[in-house]
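In what follows, a structure is listed as C-alpha coordinates, so that the remarks can point back to it.
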Amino acid sequence: MSEYLAKDLLTLAPYVPGEQPKDGAFVKLNTNENPYFPSRYAVSLITDKAIDDLRLYSDPTCAALRGAIAAHYGVGEKNVAVGNGSDEILAFAFRAFAENGVCFPDVTYGFYKVFAALFGAAAEIVPLREDFTVDAAQYADKKKLVVIANPNAQTGIYLPLSAVETLAESNRGSVVLVDEAYVDFGGESAVKLIGKYDNLLIVQTFSKSRSLAGARVGFALADEKLIADLERVKYSFNPYNVNRLSAILAKAAMEDVSYFADSTEKIVRTRESFAAELKKLGFSAIPSSANFIMAKHEKIGGAALYEKLKTRGILVRHFGEERIRDYVRVSIGTPENMRVFCEAAKEIIDGTKG
Ligand SMILES: *Cc1c(COP(=O)(O)O)cnc(C)c1O
(Lines give C-alpha, C1' and ligand atoms only; values in the text may rest on other atoms or scores of the structure.)
Protein backbone atom coordinates (compact mmCIF):
# COMPACT_ATOMS: atom_id res chain seq x y z
CA MET A 1 0.00 0.00 0.00
CA SER A 2 1.23 3.47 -0.77
CA GLU A 3 0.98 6.49 1.46
CA TYR A 4 -1.44 7.94 -1.09
CA LEU A 5 -4.24 5.42 -0.70
CA ALA A 6 -7.56 6.78 0.57
CA LYS A 7 -7.80 6.13 4.31
CA ASP A 8 -11.13 4.35 4.13
CA LEU A 9 -9.61 1.73 1.84
CA LEU A 10 -6.88 0.79 4.33
CA THR A 11 -9.15 -1.61 6.17
CA LEU A 12 -11.11 -2.87 3.17
CA ALA A 13 -10.62 -6.58 2.51
CA PRO A 14 -10.89 -7.10 -1.26
CA TYR A 15 -12.61 -10.12 -2.78
CA VAL A 16 -10.31 -13.11 -3.20
CA PRO A 17 -11.09 -14.84 -6.52
CA GLY A 18 -10.61 -18.57 -6.92
CA GLU A 19 -7.25 -19.55 -8.37
CA GLN A 20 -6.89 -19.34 -12.15
CA PRO A 21 -3.88 -21.56 -12.90
CA LYS A 22 -2.26 -21.85 -16.31
CA ASP A 23 -4.21 -23.88 -18.86
CA GLY A 24 -4.38 -27.59 -18.41
CA ALA A 25 -2.36 -27.85 -15.22
CA PHE A 26 -5.36 -28.82 -13.09
CA VAL A 27 -8.78 -30.40 -13.23
CA LYS A 28 -10.42 -27.11 -12.45
CA LEU A 29 -13.47 -27.43 -10.23
CA ASN A 30 -13.02 -24.29 -8.16
CA THR A 31 -14.83 -21.32 -9.74
CA ASN A 32 -18.08 -22.77 -11.08
CA GLU A 33 -17.22 -22.20 -14.70
CA ASN A 34 -18.98 -24.19 -17.39
CA PRO A 35 -16.98 -27.19 -18.68
CA TYR A 36 -18.52 -27.01 -22.16
CA PHE A 37 -17.41 -25.03 -25.21
CA PRO A 38 -19.52 -21.87 -25.69
CA SER A 39 -22.30 -21.82 -28.28
CA ARG A 40 -20.70 -22.59 -31.69
CA TYR A 41 -23.24 -20.28 -33.28
CA ALA A 42 -22.07 -17.44 -31.02
CA VAL A 43 -18.42 -18.09 -31.77
CA SER A 44 -19.13 -18.16 -35.53
CA LEU A 45 -20.15 -14.51 -35.34
CA ILE A 46 -16.66 -13.36 -34.35
CA THR A 47 -15.80 -12.55 -37.97
CA ASP A 48 -13.15 -10.28 -39.49
CA LYS A 49 -15.84 -7.63 -39.79
CA ALA A 50 -16.60 -7.90 -36.07
CA ILE A 51 -12.91 -7.52 -35.32
CA ASP A 52 -12.52 -4.60 -37.74
CA ASP A 53 -15.34 -2.91 -35.81
CA LEU A 54 -13.18 -2.96 -32.69
CA ARG A 55 -11.78 0.33 -33.97
CA LEU A 56 -15.10 1.84 -32.97
CA TYR A 57 -16.50 2.24 -29.49
CA SER A 58 -19.14 -0.26 -28.50
CA ASP A 59 -22.81 0.71 -28.37
CA PRO A 60 -23.27 2.32 -24.93
CA THR A 61 -26.95 1.34 -24.94
CA CYS A 62 -26.12 -2.29 -25.86
CA ALA A 63 -29.41 -2.27 -27.75
CA ALA A 64 -28.95 -5.54 -29.65
CA LEU A 65 -27.91 -7.53 -26.60
CA ARG A 66 -30.59 -6.02 -24.40
CA GLY A 67 -33.16 -6.77 -27.10
CA ALA A 68 -32.16 -10.43 -27.16
CA ILE A 69 -32.32 -10.71 -23.37
CA ALA A 70 -35.68 -8.92 -23.29
CA ALA A 71 -37.10 -11.23 -25.97
CA HIS A 72 -35.88 -14.32 -24.14
CA TYR A 73 -37.50 -13.33 -20.85
CA GLY A 74 -40.61 -11.75 -22.35
CA VAL A 75 -39.96 -8.30 -20.92
CA GLY A 76 -39.32 -4.90 -22.49
CA GLU A 77 -35.87 -3.65 -23.50
CA LYS A 78 -36.23 -0.95 -20.84
CA ASN A 79 -36.46 -3.71 -18.23
CA VAL A 80 -32.92 -4.85 -19.04
CA ALA A 81 -29.49 -3.47 -18.13
CA VAL A 82 -26.21 -5.14 -19.03
CA GLY A 83 -22.83 -4.97 -17.37
CA ASN A 84 -19.23 -6.10 -17.50
CA GLY A 85 -20.03 -9.28 -15.64
CA SER A 86 -22.83 -9.38 -13.09
CA ASP A 87 -20.27 -8.20 -10.55
CA GLU A 88 -20.43 -4.81 -12.23
CA ILE A 89 -24.23 -4.81 -12.09
CA LEU A 90 -24.00 -5.67 -8.40
CA ALA A 91 -21.58 -2.78 -7.89
CA PHE A 92 -23.98 -0.38 -9.64
CA ALA A 93 -26.84 -1.67 -7.49
CA PHE A 94 -24.91 -1.23 -4.24
CA ARG A 95 -23.94 2.28 -5.30
CA ALA A 96 -27.52 3.11 -6.27
CA PHE A 97 -29.62 1.42 -3.59
CA ALA A 98 -27.59 0.84 -0.39
CA GLU A 99 -27.67 4.37 0.97
CA ASN A 100 -29.47 3.13 4.09
CA GLY A 101 -27.36 0.00 4.34
CA VAL A 102 -27.66 -3.52 3.02
CA CYS A 103 -28.46 -6.92 4.49
CA PHE A 104 -27.61 -10.40 3.29
CA PRO A 105 -27.01 -13.89 4.75
CA ASP A 106 -23.89 -14.92 6.67
CA VAL A 107 -23.11 -17.68 4.18
CA THR A 108 -23.41 -16.30 0.65
CA TYR A 109 -21.44 -14.75 -2.21
CA GLY A 110 -18.34 -13.15 -0.68
CA PHE A 111 -18.47 -10.08 -2.88
CA TYR A 112 -21.49 -8.55 -1.13
CA LYS A 113 -19.55 -7.53 1.92
CA VAL A 114 -16.73 -6.16 -0.25
CA PHE A 115 -19.14 -3.94 -2.20
CA ALA A 116 -20.72 -2.81 1.07
CA ALA A 117 -17.28 -1.76 2.33
CA LEU A 118 -16.25 -0.16 -0.98
CA PHE A 119 -19.40 1.94 -1.18
CA GLY A 120 -19.59 2.72 2.53
CA ALA A 121 -22.86 0.88 3.13
CA ALA A 122 -23.46 -0.56 6.60
CA ALA A 123 -23.87 -4.33 6.25
CA GLU A 124 -26.30 -6.31 8.39
CA ILE A 125 -25.52 -10.00 8.30
CA VAL A 126 -28.53 -12.27 8.80
CA PRO A 127 -27.59 -15.85 9.72
CA LEU A 128 -29.03 -18.67 7.67
CA ARG A 129 -30.96 -21.32 9.58
CA GLU A 130 -29.04 -24.31 10.96
CA ASP A 131 -29.78 -26.23 7.74
CA PHE A 132 -28.42 -23.29 5.66
CA THR A 133 -31.84 -22.23 4.36
CA VAL A 134 -32.92 -18.58 4.19
CA ASP A 135 -35.67 -17.58 6.63
CA ALA A 136 -37.54 -14.98 4.58
CA ALA A 137 -39.40 -13.76 7.67
CA GLN A 138 -36.12 -12.41 9.04
CA TYR A 139 -35.89 -9.98 6.14
CA ALA A 140 -39.22 -8.20 6.57
CA ASP A 141 -39.37 -4.41 6.38
CA LYS A 142 -35.61 -3.87 6.43
CA LYS A 143 -35.71 -0.36 4.93
CA LYS A 144 -32.37 -1.10 3.29
CA LEU A 145 -31.11 -3.02 0.29
CA VAL A 146 -31.83 -6.74 0.68
CA VAL A 147 -29.51 -9.07 -1.26
CA ILE A 148 -30.19 -12.77 -1.71
CA ALA A 149 -28.39 -15.13 -4.07
CA ASN A 150 -30.86 -17.71 -5.37
CA PRO A 151 -29.81 -20.49 -5.52
CA ASN A 152 -27.52 -19.30 -2.76
CA ALA A 153 -23.79 -19.15 -3.37
CA GLN A 154 -21.68 -21.59 -1.36
CA THR A 155 -24.73 -23.66 -0.35
CA GLY A 156 -26.54 -24.21 -3.67
CA ILE A 157 -29.89 -24.14 -1.87
CA TYR A 158 -32.80 -22.71 -3.84
CA LEU A 159 -35.33 -20.45 -2.12
CA PRO A 160 -38.81 -21.08 -3.57
CA LEU A 161 -40.36 -18.30 -5.61
CA SER A 162 -43.12 -17.83 -3.04
CA ALA A 163 -40.46 -16.84 -0.47
CA VAL A 164 -38.80 -14.46 -2.95
CA GLU A 165 -42.21 -12.88 -3.42
CA THR A 166 -42.53 -12.55 0.36
CA LEU A 167 -39.21 -10.70 0.41
CA ALA A 168 -40.35 -8.26 -2.27
CA GLU A 169 -43.78 -7.83 -0.68
CA SER A 170 -42.43 -7.24 2.84
CA ASN A 171 -39.84 -4.70 1.68
CA ARG A 172 -41.94 -2.31 -0.38
CA GLY A 173 -39.76 0.53 0.91
CA SER A 174 -36.44 -0.75 -0.41
CA VAL A 175 -34.86 -2.74 -3.22
CA VAL A 176 -34.71 -6.53 -3.05
CA LEU A 177 -31.88 -7.80 -5.23
CA VAL A 178 -32.04 -11.47 -6.22
CA ASP A 179 -28.73 -12.68 -7.64
CA GLU A 180 -29.69 -15.55 -9.95
CA ALA A 181 -26.19 -16.50 -11.13
CA TYR A 182 -27.10 -20.19 -10.74
CA VAL A 183 -30.83 -20.20 -11.40
CA ASP A 184 -30.58 -22.02 -14.74
CA PHE A 185 -29.30 -25.15 -12.99
CA GLY A 186 -32.42 -25.86 -11.00
CA GLY A 187 -34.44 -22.88 -9.93
CA GLU A 188 -37.21 -20.77 -11.33
CA SER A 189 -36.35 -17.14 -12.06
CA ALA A 190 -38.25 -14.43 -10.23
CA VAL A 191 -38.31 -12.40 -13.46
CA LYS A 192 -42.05 -13.03 -13.79
CA LEU A 193 -42.55 -10.96 -10.62
CA ILE A 194 -40.88 -7.77 -11.84
CA GLY A 195 -44.16 -6.46 -13.30
CA LYS A 196 -45.77 -6.83 -9.88
CA TYR A 197 -42.93 -5.51 -7.69
CA ASP A 198 -41.17 -2.32 -8.74
CA ASN A 199 -38.57 -2.91 -6.00
CA LEU A 200 -37.44 -6.32 -7.29
CA LEU A 201 -34.08 -6.41 -9.07
CA ILE A 202 -33.03 -9.68 -10.71
CA VAL A 203 -29.34 -10.12 -11.59
CA GLN A 204 -28.07 -12.85 -13.89
CA THR A 205 -24.84 -13.69 -15.68
CA PHE A 206 -23.51 -15.31 -18.85
CA SER A 207 -20.58 -16.69 -16.83
CA LYS A 208 -22.05 -19.93 -15.52
CA SER A 209 -24.87 -21.41 -17.58
CA ARG A 210 -23.77 -19.84 -20.87
CA SER A 211 -20.07 -20.71 -20.82
CA LEU A 212 -18.89 -17.10 -21.17
CA ALA A 213 -17.15 -16.32 -17.87
CA GLY A 214 -14.18 -14.83 -19.72
CA ALA A 215 -16.37 -12.58 -21.86
CA ARG A 216 -17.61 -10.75 -18.74
CA VAL A 217 -21.29 -10.12 -19.34
CA GLY A 218 -24.05 -9.93 -16.76
CA PHE A 219 -27.48 -8.37 -16.76
CA ALA A 220 -30.30 -7.04 -14.64
CA LEU A 221 -34.07 -7.46 -15.09
CA ALA A 222 -36.35 -5.05 -13.26
CA ASP A 223 -38.91 -2.29 -13.43
CA GLU A 224 -37.91 0.44 -15.91
CA LYS A 225 -37.23 2.94 -13.15
CA LEU A 226 -34.79 0.66 -11.33
CA ILE A 227 -33.02 -0.02 -14.63
CA ALA A 228 -32.79 3.73 -15.27
CA ASP A 229 -31.19 4.12 -11.83
CA LEU A 230 -28.56 1.51 -12.69
CA GLU A 231 -27.93 3.28 -16.01
CA ARG A 232 -27.45 6.52 -14.12
CA VAL A 233 -24.55 4.91 -12.26
CA LYS A 234 -23.19 3.25 -15.39
CA TYR A 235 -23.12 6.55 -17.30
CA SER A 236 -21.27 8.07 -14.36
CA PHE A 237 -18.66 5.36 -14.40
CA ASN A 238 -18.11 3.53 -17.70
CA PRO A 239 -20.64 4.08 -20.53
CA TYR A 240 -18.96 1.53 -22.87
CA ASN A 241 -18.96 -1.17 -20.23
CA VAL A 242 -19.64 -4.16 -22.50
CA ASN A 243 -17.10 -4.61 -25.28
CA ARG A 244 -18.14 -5.32 -28.87
CA LEU A 245 -17.04 -8.94 -29.05
CA SER A 246 -18.64 -9.86 -25.75
CA ALA A 247 -21.90 -8.18 -26.78
CA ILE A 248 -21.98 -10.28 -29.97
CA LEU A 249 -21.17 -13.49 -28.11
CA ALA A 250 -23.70 -12.87 -25.36
CA LYS A 251 -26.52 -11.93 -27.72
CA ALA A 252 -26.03 -15.08 -29.77
CA ALA A 253 -25.63 -17.24 -26.66
CA MET A 254 -28.99 -15.93 -25.44
CA GLU A 255 -30.56 -16.79 -28.79
CA ASP A 256 -29.03 -20.27 -29.04
CA VAL A 257 -31.63 -21.87 -26.79
CA SER A 258 -31.08 -25.45 -27.88
CA TYR A 259 -27.36 -25.32 -27.10
CA PHE A 260 -28.15 -23.77 -23.74
CA ALA A 261 -30.81 -26.36 -22.89
CA ASP A 262 -28.49 -29.18 -23.88
CA SER A 263 -25.45 -28.04 -21.88
CA THR A 264 -27.37 -27.10 -18.73
CA GLU A 265 -29.19 -30.42 -18.84
CA LYS A 266 -25.86 -32.26 -19.06
CA ILE A 267 -24.55 -30.36 -16.05
CA VAL A 268 -27.67 -31.04 -13.99
CA ARG A 269 -27.48 -34.74 -14.88
CA THR A 270 -23.79 -34.83 -13.94
CA ARG A 271 -24.56 -33.07 -10.65
CA GLU A 272 -27.14 -35.67 -9.73
CA SER A 273 -24.90 -38.65 -10.47
CA PHE A 274 -21.99 -36.92 -8.71
CA ALA A 275 -24.17 -36.37 -5.62
CA ALA A 276 -24.94 -40.09 -5.59
CA GLU A 277 -21.23 -40.95 -5.90
CA LEU A 278 -20.34 -38.60 -3.04
CA LYS A 279 -22.86 -40.35 -0.85
CA LYS A 280 -21.31 -43.73 -1.66
CA LEU A 281 -17.94 -42.34 -0.63
CA GLY A 282 -19.35 -41.29 2.74
CA PHE A 283 -19.59 -37.57 2.07
CA SER A 284 -22.49 -35.53 3.28
CA ALA A 285 -23.50 -32.86 0.82
CA ILE A 286 -25.78 -29.86 0.91
CA PRO A 287 -28.59 -30.46 -1.61
CA SER A 288 -27.67 -28.25 -4.57
CA SER A 289 -29.72 -26.59 -7.30
CA ALA A 290 -26.57 -24.98 -8.72
CA ASN A 291 -23.53 -26.11 -10.74
CA PHE A 292 -21.52 -26.98 -7.64
CA ILE A 293 -21.86 -29.13 -4.55
CA MET A 294 -20.68 -28.40 -1.02
CA ALA A 295 -19.53 -31.63 0.55
CA LYS A 296 -17.82 -32.70 3.76
CA HIS A 297 -16.42 -35.95 5.09
CA GLU A 298 -16.07 -36.88 8.72
CA LYS A 299 -12.60 -38.34 8.16
CA ILE A 300 -10.99 -35.18 6.83
CA GLY A 301 -11.37 -31.43 7.26
CA GLY A 302 -12.15 -29.12 4.36
CA ALA A 303 -8.75 -27.43 4.28
CA ALA A 304 -6.85 -30.73 4.34
CA LEU A 305 -9.03 -32.24 1.63
CA TYR A 306 -8.53 -29.14 -0.53
CA GLU A 307 -4.73 -29.42 -0.14
CA LYS A 308 -4.61 -33.16 -0.85
CA LEU A 309 -6.77 -32.79 -3.94
CA LYS A 310 -4.52 -29.98 -5.14
CA THR A 311 -1.41 -32.15 -4.91
CA ARG A 312 -3.30 -34.64 -7.10
CA GLY A 313 -3.98 -31.94 -9.68
CA ILE A 314 -7.58 -31.23 -8.72
CA LEU A 315 -8.60 -27.72 -7.74
CA VAL A 316 -11.70 -27.19 -5.61
CA ARG A 317 -12.63 -24.27 -3.40
CA HIS A 318 -12.31 -24.11 0.37
CA PHE A 319 -13.74 -21.29 2.47
CA GLY A 320 -12.35 -20.52 5.91
CA GLU A 321 -15.58 -19.18 7.44
CA GLU A 322 -16.57 -21.11 10.52
CA ARG A 323 -19.91 -22.46 9.34
CA ILE A 324 -18.58 -23.93 6.12
CA ARG A 325 -14.94 -24.68 6.79
CA ASP A 326 -15.53 -28.43 7.03
CA TYR A 327 -16.71 -28.40 3.42
CA VAL A 328 -15.12 -28.14 0.02
CA ARG A 329 -17.07 -26.68 -2.87
CA VAL A 330 -16.79 -28.74 -6.01
CA SER A 331 -17.89 -27.25 -9.33
CA ILE A 332 -19.70 -29.57 -11.70
CA GLY A 333 -17.45 -30.32 -14.67
CA THR A 334 -17.72 -33.05 -17.25
CA PRO A 335 -18.61 -36.60 -16.15
CA GLU A 336 -14.92 -37.45 -16.65
CA ASN A 337 -13.84 -34.57 -14.37
CA MET A 338 -16.14 -35.87 -11.64
CA ARG A 339 -14.85 -39.43 -12.07
CA VAL A 340 -11.30 -38.15 -11.57
CA PHE A 341 -12.42 -36.23 -8.48
CA CYS A 342 -14.13 -39.26 -6.95
CA GLU A 343 -11.15 -41.52 -7.59
CA ALA A 344 -8.80 -39.07 -5.88
CA ALA A 345 -11.22 -38.42 -3.01
CA LYS A 346 -11.53 -42.16 -2.41
CA GLU A 347 -7.76 -42.57 -2.25
CA ILE A 348 -7.44 -39.65 0.14
CA ILE A 349 -10.18 -40.89 2.45
CA ASP A 350 -8.96 -44.48 2.42
CA GLY A 351 -5.50 -43.19 3.30
CA THR A 352 -6.59 -41.17 6.31
CA LYS A 353 -6.76 -42.77 9.72
CA GLY A 354 -10.13 -42.82 11.46
C1 LIG B 1 -20.23 -16.13 -10.28
C2 LIG B 1 -21.14 -15.23 -9.51
C3 LIG B 1 -21.29 -13.89 -9.82
C4 LIG B 1 -20.36 -13.19 -10.76
O5 LIG B 1 -20.61 -13.40 -12.03
P6 LIG B 1 -19.90 -12.56 -13.19
O7 LIG B 1 -21.04 -12.33 -14.09
O8 LIG B 1 -18.88 -13.48 -13.74
O9 LIG B 1 -19.33 -11.29 -12.62
C10 LIG B 1 -22.23 -13.15 -9.15
N11 LIG B 1 -22.96 -13.68 -8.17
C12 LIG B 1 -22.82 -14.96 -7.81
C13 LIG B 1 -23.66 -15.50 -6.72
C14 LIG B 1 -21.90 -15.76 -8.46
O15 LIG B 1 -21.72 -17.02 -8.09
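The values are calculated or read from the model by the stated rules, or taken from the named source; none is laboratory data. Predicted, not measured: the structure shown is a model, and the values here were computed from it. In this analysis, Cβ positions are derived from the backbone assuming ideal geometry, glycine residues included, and neighbour counts consider all displayed protein chains. Heads up: the accessible areas ignore ligands, DNA and RNA and are worked out on the full protein's heavy atoms, side chains in. Shrake-Rupley method; radii C 1.70, N 1.55, O 1.52, S 1.80 Å.
Just a few scattered comments:
- Each Cα pair of the stretch 161-236 feeds into the Kirkwood radius, which the Stokes-Einstein equation turns, at 37 °C and 0.692 mPa s, into a diffusion coefficient of 250 µm²/s.
- Each Lys and Arg contributes +1 and each Asp and Glu -1, all at the Cβ; summed about the Cα centre of the chain, the dipole is approximately 520 debye.
- Principal axes of the stretch 47-178: Cα extent on each, largest first, Å: 55, 32, 29
- If only the Cβ of Lys and Arg carry +1 and only the Cβ of Asp and Glu carry -1, the dipole of the stretch 104-154 around its Cα centre is close to 260 debye.
- An ellipsoid equivalent to the stretch 111-177, defined through the eigenvalues of its Cα gyration tensor, has semi-axes of 19, 16, 10 Å when rounded to whole angstrom and sorted largest first.
- Ranking of His72, His297 by solvent-accessible surface, largest first: His72, His297 (1.4 Å probe, protein heavy atoms only, all chains present).
- Per residue accessible area in Å² of the chain, where ligands, DNA and RNA are left out and the probe is 1.4 Å: 46 Å²
- Computed with a 1.4 Å probe over protein heavy atoms only, the accessible area of Thr311 comes to about 110 Å².
- Cα-projected label distance for Arg325 with Lys280, points at 7 Å along beta-carbon direction, nm: 3.3 nm
- Percent RCO, i.e. relative contact order, over the chain, from Cα pairs under 8 Å lying at least 6 residues apart: 23 percent
- Charge dipole (the stretch 1-85, unit charges on Cβ, about Cα centre) - positive-most of Gln20, Asn34, Leu10: Asn34
- Pairwise alpha-carbon distances in the chain exceed 28 Å for 45% of all pairs.
- Considering only the chain, percent of DSSP beta bridges that pair antiparallel, nearest 5: 50 percent
- Accessible surface of the chain, 1.4 Å probe, proportion on carbon and sulfur as whole %: 54 percent
- One Cα centroid belongs to the stretch 171-238, the other to the stretch 241-287; the line between them spans 19 Å.
- Farthest toward the positive end of the dipole of the stretch 51-109, out of Ala91, Val107, Gly76, is the Cα of Gly76, where the dipole comes from beta carbon charges about the Cα centre.
- The listed residues Arg55, Arg325, once ranked by accessible area (1.4 Å probe) with the largest placed first, stand as Arg55, Arg325.
- Of the residues Leu56, Leu245, Leu145, the one with the largest accessible area comes first in the ranking Leu56, Leu245, Leu145, computed with a 1.4 Å probe on protein heavy atoms.
- Three-way shape call for the stretch 176-300 based on the alpha-carbon gyration tensor, with the a/c threshold at 1.5: prolate
- A full extension of the chain between Leu9 and Thr334 corresponds to an added length of 112.9 nm, given 0.36 nm per residue minus the alpha carbon distance.
- Beta bridges per DSSP, both residues in the stretch 147-298: antiparallel share near 50 percent.
- Helical runs assigned H by DSSP (4 residues or longer) give the chain a calculated mean residue ellipticity at 222 nm of -10500 deg cm²/dmol, each run adding -39500 (n - 2.57) before division by the residue total.
- Cross-link partners of Lys192 among aspartates and glutamates (Cα-Cα below 16 Å; sequence separation of 8 or more within a chain): Glu77, Glu165, Glu169, Asp179, Glu180, Asp184, Asp223, Glu224
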